[in-house]
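Worksheet: the structure to be examined is printed underneath.
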Amino acid sequence: MTRYAPIFIIAALLFSSGCGLKFKKLQAREVEENDPVAELMEQGNLAFRQEKYAEALSSFLQARSMDPKRKLVNYNVGAAYFNLENYPDAAKAFTEELVINNRDPFAYIFRGHTYAMMGLYDKAAQDIDISLQLTDHAMSYYVQGLIHLEKGEFDLATNKFNIAIYKEPADFLFYRDRGKAYAAMEKMDKACADFKQALRIRPSLNLSKEMEDCPK
């Protein structure tokens, strides 16, 4: 009799340069217990949770070489490349995942974010628009906010971050980057409030530079 064990595919993404990590449990799937690809994926997931991204990537690449058409293999490869700041290869991996499953909203979200990190804002915006047709997720609005922030469109950025925070109020990154937008508009009271909220959620976050002008 075939036995099944749940394999949880974990993706951790650096949502902007120099920021901390955010882990997303995207979905679970059942696989046969004696499945070498699943075992490699589990090894990669363990390394990923320990922030050993090169080690995780090695496991995911081995898994992909054995079964390149399996759902989520390319996704995890892309996530590992992203955290290693190899954005071109991350984008390629997310694209390969979308060839297998072109209805995966998270692959569009994270490829869109990868494009944003590469400065390809039009491509990034297109992916996020598609993701919003598939799911109304806070991360889509967050990435839209990042695009506007990088383009210097600070009012638009804060509007998108507002939506992201409304949908997922416990995410420190949303407050941190909305704070950056407020600071760019010289709205330091609001900026400092957001930075402090980000630190309440993630005390290990380094915001010393951003908070230089905040009251002690």
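Quick note: the coordinates plus some simple rules give every number you see, no bench work behind them. In this text the structure is predicted, and so the values were computed from the model without any measurement. Ideal geometry is used to build each Cβ from the backbone, glycine not excepted, and the neighbour counts take in all protein chains shown.
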Would you please name the trypsin sites (Lys or Arg not before Pro) within the range 102-131 that are DSSP coil residues with at most 12 other C-beta atoms within 10 Å of their C-beta?
-> R103
Could you line up K71, K92 from fewest to most neighbouring Cβ atoms inside 10 Å?
-> K71, K92
Fewest Cβ neighbours within 10 Å first, please rank D67, D104, D189 accordingly.
-> D189, D67, D104
Sort H113, H148, H137 so the one with the fewest other Cβ atoms within 10 Å of its own Cβ comes first.
-> H137, H148, H113
When the Karplus curve 6.51 cos²θ - 1.76 cosθ + 1.60 is applied with θ = phi - 60°, which whole-Hz ³J(HN,Hα) does each residue of the range 84-91 get, with x for Gly and Pro?
-> 8, 6, 9, 5, x, 6, 4, 4
Local net charge near A183, Cβ-Cβ under 11 Å (Lys/Arg +1, Asp/Glu -1) | -1
Please give, to one decimal in nm, the separation of the simple spin-label points placed at R103 and A193, each 7 Å out from Cα toward the Cβ.
-> 4.2 nm
